[in-house]
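What follows is one structure encoded as structure tokens, with my remarks underneath.
Each reported figure results from applying straightforward, stated rules to the coordinates on display, with no laboratory input. Only a predicted model underlies this, so the values are computations on that prediction, with no experimental measurement involved. In this analysis, Cβ positions are derived from the backbone assuming ideal geometry, glycine residues included, and neighbour counts consider all displayed protein chains.
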Amino acid sequence: MKKILGFGRLFLFSPSKAAAACGQPRALLDACGLYALTLLGAALFYRLKPYDFPDANAASPMGPQGLLFWLKVMLWQPLLMSALIAFAAVLLRWLKDGWLPLKVATSFFWCAVPLILTVFYVKNVLPRPAFAVLMLAWAVPGALVARGIPAAEWRPLAAFLLGLNVVQLAALLPESVVTAMRWEGGYKAVVGAAGFWMLVGGALGLKALPPQRPLARALLPLLFALVLQIEVVIAAFMLGWLPVETLKALLYG
């Protein structure tokens, strides 16, 4: 546990060193440990946090939200994390070279397609077979790019993105304090600071991961991958796979 926590401190104070440490043999296992601790801590925190804080006008939950409910919500997180790793790997590879404006434009288009297709399907503009075929066609370019990623790059990338979640774990303590104080501004400030550091620290770490890349070519893939991860959640809800209470829990806590 001491080694795992020492590994986690790198993500809080030196993302570049964390990226270097992700090349070690035990890094992925330690990162999975940090991720599991984060999910467990989040489940406990949201179980205790009042549903109407920080939004005093929040609607009452449709059912009980005990610890079991939050543990079920957290079961979605590994799936979403796997999607984030896959999206980030593909986009990092695609944006690693070439004319940046063109690569950004094509990445934006690729990220927008799934949401557009899902909306058309839900509104009965697209029949199910056409939706399935078009989604498969959308996935083909990503799969082709993924095939060009060396196996040695997947493991440190997964370790880094999993370990980066320790920022959320560390934020739970100040979040608990401001929640107990019912300090809305303080809560939003802590959540915002944690999200900002995950984005900045994530970009700095991805910049340092082999093969090293300019900061813009690390930050933009991370942003696009996060957008796609949110689209997965929205699409799962629109397709009826995700209950509304779970959707609210995933998006807002």
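Annotations for the structure displayed:
- Reported to the nearest whole Å, the Cα centre-to-centre distance from the stretch 183-253 to the stretch 45-92 is 13.
- Computed about its Cα centre, the charge dipole of the chain is approximately 580 debye, with only Lys, Arg, Asp and Glu carrying charge at their Cβ.
- Among the chymotrypsin sites (Phe, Trp or Tyr not before Pro) found in the stretch 30-104, those both in a DSSP coil and sparsely packed, with 11 or fewer other Cβ atoms within 10 Å of their Cβ, are Trp99.
- Cβ-based exposure ranking for Val177, Val244, Val232, Val90, in which fewest neighbours within 10 Å come first: Val244, Val177, Val232, Val90
- Förster-model FRET efficiency, 25 Å R0, Cys32 and Leu223, C-beta, rounded to 0.05: 0.55
- Listed options for P(r) over Cα pairs in 10 Å bins from 0, in percent are [x] 6, 28, 30, 20, 11, 3, 0; [y] 8, 34, 38, 19, 2; [z] 7, 28, 33, 24, 8, 0. The value calculated from this structure is the one marked [z].
- Farthest toward positive dipole pole in the chain [+1 Lys/Arg, -1 Asp/Glu at C-beta], among Ala189, Ala56, Leu34: Leu34
- Number of Lys pairs (Cα under 20 Å; 8 or more positions apart or on different chains) in the chain: 10
- The modelled label-to-label distance between Ala105 and Asn124, using points 7 Å beyond Cα along the C-beta direction, is 3.8 nm.
- The chain: DSSP helices with Cα axial extent of at least 20 Å and average Kyte-Doolittle hydropathy no lower than -0.5: 27-48, 76-94, 100-122, 128-147, 166-180, 184-208, 216-238
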